[in-house]
Amino acid sequence: MRTSFDDGTPAPGRARFWQPGGRRLQRGGSRLPLARRQPGGAGGGRRVELRHVATCHGSPARKRRRVRLIVDSIPAFAWYAGTDGKIEYLNQRILDFTRGTTGGPGGFGWANVLHPEDVERTTNAWLHSIETRRAVRCGPTCAAVRYIYRWFRTNAQLLRDRSGRVIRWYGVANDIEDLKRAEEDFASANRICA
């Protein structure tokens with residue numbers, strides 16, 4: 001079944017990968033693909049940067065371990081949800097940050113870590129996206145463990161099949177605490193100088 005993300009980006013699947021010099025990469029190699037040849041342009045096609053990682057080689061269990069390692073290592077909170085919007089998976093960074101206060105990787109337990117002033121707005125934005133089947137960008141919102149809050153910006157994208165049916169939601173929440181503090185410091189400096 002061929003799938004694509006809501007913005008039209010094809011989901012990872014079979015593709016031919018090319019090195020910068022134009023040579024095709026071998027399937028069994030350990031090198032990461034650098035570009036994919038697209039139709040049109042001089043020389044039979046133009047090269048574009050890849051937006052996703054090539055498939056892993058090895059047994060299914062090894063592939064799952066590699067993917068889990070990648071998802072748990074990225075510097076963001078990664079998750080996915082079913083078509084009903086209920087969270088089905090949280091990466092290890094979320095679990096470490098929340099120390100289990102999200103109520104586990106199911107349902108809407110993520111609202112338990114939001115600042116009380118952000119719960120209604122964030123929940124409404126998420127429910128609206130589920131209802132309209134449109135990508136969501138939430139934030140900034142505050143999330144906390146033991147009442148120590150940090151700012152986050154969340155983005156969620158739909159994965160659809162060929163017929164347009166939603167298969168799953170994928171999302172990340174990025175910690176923007178340092179950015180918010182820098183903005184506050186800048187605004188404070190401007191008030192002093194004015």
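The values are calculated or read from the model by the stated rules, or taken from the named source; none is laboratory data. Computed from a predicted structure; not experimentally measured. Please note: Cβ atoms are built from the backbone with ideal geometry, for glycine as well, and neighbour counts cover all protein chains shown.
The single condition from (1) modelled with pLDDT of 80 or more; (2) over 17 Å from the mean Cα position of the chain (by Cα); (3) not polar (S, T, N, Q) that residue 130 fails is (2). Residue 167: modelled with pLDDT of 90 or more and either assigned to a strand (DSSP E or B) or in the same structural domain as residue 68 (by TED's automatic domain parsing) (or both), yes or no? For residue 167, the condition - modelled with pLDDT of 90 or more and either assigned to a strand (DSSP E or B) or in the same structural domain as residue 68 (by TED's automatic domain parsing) (or both) - is met. Take the conditions (1) assigned to a strand (DSSP E or B); (2) in contact with a Phe, Trp or Tyr (Cβ under 6 Å, 6 or more places away or on another chain); residue 93 misses just one of them, which is (1). Any chance you could count how many residues in the range 170-194 are surrounded by 12 or more Cβ atoms within 10 Å (Cβ to Cβ) and outside any helix (DSSP H, G or I)? Residues in the range 170-194 being surrounded by 12 or more Cβ atoms within 10 Å (Cβ to Cβ) and outside any helix (DSSP H, G or I): 7 in total.
Being in contact with a Ser or Thr (Cβ under 9 Å, 6 or more places away or on another chain), at pLDDT 85 or above and of a type in the set (Asp, Glu) is the requirement here; does residue 72 meet it? Walk me through how you get there before you give the answer.
On the way: in contact with a Ser or Thr (Cβ under 9 Å, 6 or more places away or on another chain): no; at pLDDT 85 or above: yes; of a type in the set (Asp, Glu): yes.
When the stated conditions are applied, residue 72 does not pass them.
When residue 169 is tested against (1) more than 22 Å from the chain's Cα centre (by Cα); (2) within 18 Å of residue 123 (Cα to Cα), only condition (1) is not met.
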